[in-house]
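Down below is the structure, laid out as structure tokens.
No value in this document is a laboratory result; all are computed from the given coordinates. Every value quoted in this text rests on a predicted model; they were computed, and no experiment measured them. All Cβ positions, even for glycine, are placed from backbone atoms using ideal geometry, and neighbour counts span all protein chains on display.
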Amino acid sequence: MKPLLFLHGITLTFGGLSVIDNLDIQVRKGSRCGLIGPNGAGKTTIFNLLSGVYRATAGEILLDDEPIDDVPLDRRIDLGIGRTFQNLRLMKHLTVLENIMLGQHRLVGSWARILAPLGGRWNRAWRDEAMEVAETLGLRDDVDRLAQGLSYGVQKRIEIARALVGRPRLLLLDEPAAGLNSSEREELVTVLASSLPRDTTVLIVEHDTGFVRTLCDHTVALNFGRKIAEGDPASVCGHPLVVEAYLGKDEPIYRNRPQPALSNEAAFQRNDNAA
């Protein structure tokens, strides 16, 4: 299938430091692609390039065959790019529904209109659409509550709902499972598996490899800004270079005393718990 997103020869340097090095990534339309790698691999930097926070030193980013490198940061959303962040960016003094509806500003065309009373006749269609998204993400019972004080897992889903309600072609999820306990992670991956629109292409940065293996159909692994493996999630997570990138070659605990062999999945889990 034709790629929606194509990063071709992308290089990003800060001074003399190369952060991304001649990187090629293709993400097919309608796919769920995981972007994995240890801290400092360049994963969130890729998201910042896609959303316009950074501009590549060399190379080209194509969205549906159209170059987007010259599109300003504040116009990237008009291209159909939606994003969540590692650190929550909610309006804590607004309700859950109001937070979600803020994601519709590109479609509505006016902040004054999107912030008008939700009961207004013209605004009901937008409210109904936001309610539908809230329901698919398990937020229906929380829509009238203030975002402040809700559990971290619920707040994560509010941010995803706010990105989805903007009808993105490309949805960037930056560590959606970070900070969640095991039950919250399981709930989130179940909700996402059933609620993400099939025509929305999703690129996910995530350290939880179990999360990636459950949700994604394709995975790219990075280390030091370079691609070290690509393919189906199980193969990539078990690739020797990926395991080495997460655990290192010469971890002292293995040099100094005998240890029982770890499966790749167990090794990743230990690394996740230590992070």
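Once you place label points 7 Å from the Cα toward the Cβ at VAL191 and ARG55, how far apart are they in nm?
Distance between the two pseudo-spin positions: 3.8 nm.
Which lysines, on any chain, are close to LYS2 with Cα under 29 Å apart, when same-chain ones fewer than 8 places away are left out?
LYS29, LYS43, LYS227
Could you please state, rounded to a whole Å, how far the C-alpha centre of segment 183-227 is from the C-alpha centre of segment 1-77?
Cα centroid to Cα centroid, the span is 17 Å.
Please compute the modelled spin-label separation between LYS92 and ALA125, points set 7 Å along Cα→Cβ, answer in nm with one decimal.
3.6
Amide H neighbours of THR13 under 5 Å, counting only residues 5+ apart in sequence or on other chains, H built in-plane at 1.01 Å?
Here VAL19, THR57 satisfy the definition.
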